[in-house]
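Data first, discussion second: the structure below is written as structure tokens.
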Amino acid sequence: MTAETPSIPARPQTQGRTLIALEDVTKIYHVGTQMVHALAGVTVSFVEGSFWAIMGPSGSGKSTMLNILGCLDHPTAGRYVLDGYNASDLDDDERSELRLRRLGFIFQSFNLIPQLTVRENIELPLYYLGFDSHASADRAEELAEMVGLADRLEHRPMELSGGQQQRVAVARSLANDPAVLLADEPTGNLDSSTGVQIMELLTDLNARGKTIVMVTHETHIAAYAGSRLHMLDGKIDRIEQ
Amino acid sequence: MHQIRVFKNIRLGVKNLLLHKLRSFLTVLGLVFGVGSVIAMLAVGEGASQEALDQIRKLGSNNIIINSIKPTGQEGSSSQGRSFVLAFGLLYDDEARIRQTLPGVKRTVPVKLIRKQGILGERQMDLRLVGTSEGWFDLVRRPVLAGRTLTRRDVDDFANACVLTEFGARKLLAGGSTIGQPINIGEEVYEVVGIVRSEHGGEHVPDLQADAYIPISTFRQRYGDLEMRREAGSRSATRVELHKILVEVRDQDQVKGTAAAIESMLDLFHRGRDQRKAKDYQVHVPLALLEQAEATKRTFNIVLGSIAGISLLVGGIGIMNIMLASVTERTREIGIRRAIGARRSQIVGQFLIETTVLSTVGGLMGIALGVLFPRLVTYFAKMPTIVPLYSIVLSLGISMGVGIVFGIYPAVRASLLDPIEALRHE
């Protein structure tokens, strides 16, 4: 992004250890008396350093997949291994812990806390990790600089543009140095040029070794990813690399 | 690393509350008034009861005071030259009997009273002349300011010694030295031998501010037992041997028993078999009054406590209501925090601390109000008020407790929100 940031050569997508492994993962919801198979046996692995886009029509299970990957939900059947941890049968506290230490989220509607400043928003994961205020502030500044918002640290989200807010969200998602960044339609609420900015930011992060899994329905956004997973009716339809 | 960091949470909690200053204030208002009014009422009650208790204590908890009272429905009167003397009240024999037959009695003091004009030099004032024995001054415990009190010898010798109260002395002498001066009371002359402090007492205190004390023997010799009164067109006369008897009991444990014995003894000798006769004496037991006053105070405090409990309940429900609304408003925020990795217990902690900060601040404001208001009462209404320390500490503790108790439900509800649903909210 800036001249100062060192450039790290892009890691080849096929090399590296498996960071995420889904084995025959199934998710069933009960809606009234009916059973809905949101996911019906999904098996796939993502290696470290890869950039995946998950695509599919609505109802294909892509959101459910992201929720399970994000430990916000758990599979009804099957195994999910994240960075060596068996994330399939964890209780609520254990899943929270895993999210805190291993995952970073980026949402379509940014999801910043409006009453907190940019700095405080970025610091949020650090607060739950137990960082003291100095270490926390330093890291927040570092991250804000990385996304180009060092001069907006004391502003409220309300005072920022959509693109700026999403950049704050990205900074926040990196605070805990996660193994995987999970992004749900990251450009959905942005105009095309701002969307491009964000995608370039994500691409840069991936180039530096961050594993990214992104859900999107826009083909031109998915094009930024190295691999694309197409879902249909709760199953994997095809994989493009 | 799994701490719920209290101080940082308190700061955040305060920040959140300040975001909605008016709402937070109104929420807490019920608690403020509840706490404030309880403290204020307790203070007024405490002040009043303290005053009453002090007065009663001054009577001496080992003392029994027996007064002669004019029996109702009878009047000594005269019309057209006929006279009728009404005899009632305590007798010299009563005093002797009490002193000699009741085991717990340490000492008895007889008292005769009459109103007379006192003249000293140029000045005069209305006095209550009190004929009594040397024991009076011990029992009533007023400090001697000058000279001496009456002695056994004064009584034995029918001395014309007179002890004045400070109040009376000041009025009659205005600065001049009193001791040794002759004072004319009711056409008899006495020598002022001492001055005692006078207290502004209550209804039960045996001495008045404008009293003059002389030996009872002297009193009896010079004024006898008969008191005449002239009213429009008729003359009335009363014969009273003793107006009061003060009894000092040896041990506080024996007071009630001795009082009961005195009652039955006097009843026997004054009424005998004629139960229709009206009672012409009354036995006051300061100890009983003290206990009664304290029991009344306890009842008052219980009532107050109940009112306080209700107002705190109402205040707490108000807080819970607002916190539930707050949780709903911040559903998204809760989802975000949970997504980031906050555990349920940490969400509970966050909201519980907010609620407790709110209720504690409300409690502090209530305490400020509760301490201020009695001062105004004392200043304007001149009533004594005392704010007991325990009421402040208790109020603070209870305010915090209310925050915790009524904050738990909203906090737990917040923590149980499903993060996925919460993020979709609004």
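General observations
- Taking the range B:271-281 as the range and being in contact (Cβ under 8 Å) with a residue 12 or more places away in the chain and out of contact with any Ser or Thr (no Cβ under 8 Å at 6 or more places or on another chain) as the test, the residues that pass are B:277, B:279.
- Where residue A:112 falls short, out of the listed (1) within 12 Å of another protein chain (Cβ to nearest Cβ); (2) part of a helix (DSSP H, G or I): (2)
- When the range B:131-153 is filtered for residues that are in contact with a Pro (Cβ under 9 Å, 6 or more places away or on another chain), of a type in the set (A, V, I, L, M, F, W, C) and within 17 Å of residue B:208 (Cα to Cα), the ones remaining, listed by number, are B:136, B:139, B:140.
- Near pairs, Cβ below 9 angstrom, 6+ apart or cross-chain, from the range B:137-156 (among the hydrophobic types (A, V, I, L, M, F, W, C)) to any residue that is open to solvent by 80 Å² or more (accessible area, probe 1.4 Å): B:140/B:58; B:144/B:197; B:145/B:197; B:146/B:177
- Search result, residues across the range B:380-405 that are open to solvent by 30 Å² or more (accessible area, probe 1.4 Å), in a helix (DSSP H, G or I) and hydrophobic (A, V, I, L, M, F, W, C): B:380, B:381, B:389, B:392, B:393, B:394, B:396, B:398, B:400, B:404, B:405
- Restricted to the range B:332-355, and to residues there that are polar (S, T, N, Q) and either open to solvent by 10 Å² or more (accessible area, probe 1.4 Å) or under 18 Å from residue A:70 (Cβ atoms) (or both), the residue that is farthest from the other protein chains (Cβ to nearest Cβ) is B:350.
- For the range A:115-128, the tally of residues that are more than 8 Å from every other protein chain (Cβ to nearest Cβ) and of a type outside the set (D, E, K, R) stands at 6.
- Those residues of the range A:206-225 which are under 17 Å from residue A:20 (Cβ atoms), open to solvent by less than 30 Å² (accessible area, probe 1.4 Å) and in contact with a helix residue (DSSP H, G or I) (Cβ under 9 Å, 6 or more places away or on another chain), in sequence order: A:212, A:213, A:214, A:215, A:225
- Residue count for the range B:326-366, restricted to those that are hydrophobic (A, V, I, L, M, F, W, C) and farther than 18 Å from residue B:12 by Cα: 3.
- Lone qualifier among B:287, B:304, B:268 - being touching a residue at least 24 places away in the same chain (Cβ under 8 Å) and either touching a strand residue (DSSP E or B) at 6+ places or on another chain (Cβ under 9 Å) or open to solvent by 70 Å² or more (accessible area, probe 1.4 Å) (or both): B:287
- The residues listed here are B:406, B:380; of these, the one that is without any contact (Cβ under 8 Å) to a residue 40 or more places away in the chain and not acidic (Asp, Glu) is B:380.
- Some residue of the range A:222-233 being touching a residue at least 60 places away in the same chain (Cβ under 8 Å) and more than 20 Å from the chain's Cα centre (by Cα): yes
- Residue, farthest from residue B:111 (Cα to Cα), within the range B:124-141, restricted to residues that are of a type outside the set (A, V, I, L, M, F, W, C) and surrounded by fewer than 21 Cβ atoms within 10 Å (Cβ to Cβ): B:124
Listed here are the residues, each with its yes/no results for (1) of a type in the set (D, E, K, R); (2) within 26 Å of residue A:63 (Cα to Cα).
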position: A:93; (1), (2): yes, yes
position: A:100; (1), (2): no, yes
position: A:104; (1), (2): no, yes
position: A:155; (1), (2): no, no
position: A:160; (1), (2): no, no
position: A:175; (1), (2): no, yes
position: A:187; (1), (2): no, yes
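- Restricting the range A:55-74 to residues that are more than 12 Å from every other protein chain (Cβ to nearest Cβ) and within 18 Å of residue A:222 (Cα to Cα), the residue that is most open to solvent (accessible area, probe 1.4 Å): A:58
- Residues (open to solvent by less than 40 Å² (accessible area, probe 1.4 Å) and either within 14 Å of chain B (Cβ to nearest Cβ) or assigned to a helix (DSSP H, G or I) (or both)) located in the range A:76-93: A:82, A:87, A:92
- Looking across B:260, B:293, one residue alone is assigned to a helix (DSSP H, G or I), touching a Leu at 6+ places or on another chain (Cβ under 7 Å) and either surrounded by 16 or more Cβ atoms within 10 Å (Cβ to Cβ) or among the aliphatic types (A, V, I, L, M) (or both). It is B:293.
- Residue in the range B:276-284 that is within 14 Å of another protein chain (Cβ to nearest Cβ) and part of a loop (DSSP other than H, G, I, E, B) present: no
- Options A:133, A:161; residue that is away from chain B (no Cβ under 13 Å), open to solvent by 50 Å² or more (accessible area, probe 1.4 Å) and among the small types (Gly, Ala, Ser): A:161
The values are calculated or read from the model by the stated rules, or taken from the named source; none is laboratory data. All values reported here derive from a predicted model rather than from experimental measurement. Cβ atoms come from the backbone with ideal geometry, glycine included; neighbour counts cover every protein chain shown. We work out accessible area using only protein heavy atoms, side chains counted, and drop any ligands, DNA or RNA first. Shrake-Rupley method; radii C 1.70, N 1.55, O 1.52, S 1.80 Å.
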